[in-house]
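Asker: I have a structure I would like to understand better, so I am pasting it below and will then ask my questions one at a time.
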Amino acid sequence: MYAIIETCGKQYKVTKGDVVFFEKLDTEEGKKVTFDKVVLVSDDKNVQVGNPYVKGIKVEGKVVSHGKGKKILVFKYKAKKNYRRTQGHRQPYTKVEITGIKLPTAKAETTAEKEEKPDAKTATKKAE
């Protein structure tokens, strides 16, 4: 089973047990994190695609650590003007271990199915 979640302005494909590097999250190390913006969920049989998100499904994770990425050098240069500037940048990240993908309970699924299927009487009234 895997899910595609949206966080930090990006989409990530995650499964249970994955270790994912997100942009800096405001959560302490060792705390749980819940991602509720799930775009797609797939198990071996079914694929659920959200519009824009799948309702009732959450991805849970545990913050392992915080850190900084490799240094990137930004070099500005203008020819024939003796202009050179060097600047370094290290992007902060949060390392998260995905602990599980929580599906809604069976009761919630049956009520959702009832809401999606219109009654025959209401369908004929809408058609008229």
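Asker: Specify the residue that is surrounded by the most Cβ atoms within 10 Å (Cβ to Cβ); the eligible residues are those in region 54-80 that are modelled with pLDDT under 95 and more than 15 Å from residue 100 (Cβ to Cβ).
Answerer: 54
Asker: Output the number of the condition that residue 85 fails; it satisfies all remaining conditions of (1) among the basic types (Lys, Arg); (2) surrounded by 13 or more Cβ atoms within 10 Å (Cβ to Cβ); (3) more than 22 Å from residue 19 (Cβ to Cβ).
Answerer: For residue 85, the failing item is (2).
Asker: So, in region 27-51, of the ones that are under 11 Å from the mean Cα position of the chain (by Cα) and assigned to a loop (DSSP other than H, G, I, E, B), which residue ends up farthest from residue 104 (Cα to Cα)?
Answerer: 37
Residues checked against (1) within 19 Å of residue 53 (Cβ to Cβ); (2) touching a strand residue (DSSP E or B) at 6+ places or on another chain (Cβ under 6 Å); (3) modelled with pLDDT under 95; (4) assigned to a strand (DSSP E or B):
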{"site": "87", "(1), (2), (3), (4)": "no, yes, no, yes"}
{"site": "95", "(1), (2), (3), (4)": "no, yes, no, yes"}
{"site": "98", "(1), (2), (3), (4)": "yes, yes, no, yes"}
{"site": "101", "(1), (2), (3), (4)": "yes, yes, yes, yes"}
{"site": "104", "(1), (2), (3), (4)": "yes, no, yes, no"}
{"site": "107", "(1), (2), (3), (4)": "no, no, yes, no"}
{"site": "111", "(1), (2), (3), (4)": "yes, no, yes, no"}
{"site": "115", "(1), (2), (3), (4)": "yes, no, yes, no"}
{"site": "122", "(1), (2), (3), (4)": "no, no, yes, no"}
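The values are calculated or read from the model by the stated rules, or taken from the named source; none is laboratory data. All figures in this text were calculated on a predicted structure; none of them were measured in a lab. Cβ coordinates were reconstructed from backbone atoms using ideal geometry, including for glycine residues, and neighbour counts include every protein chain displayed.
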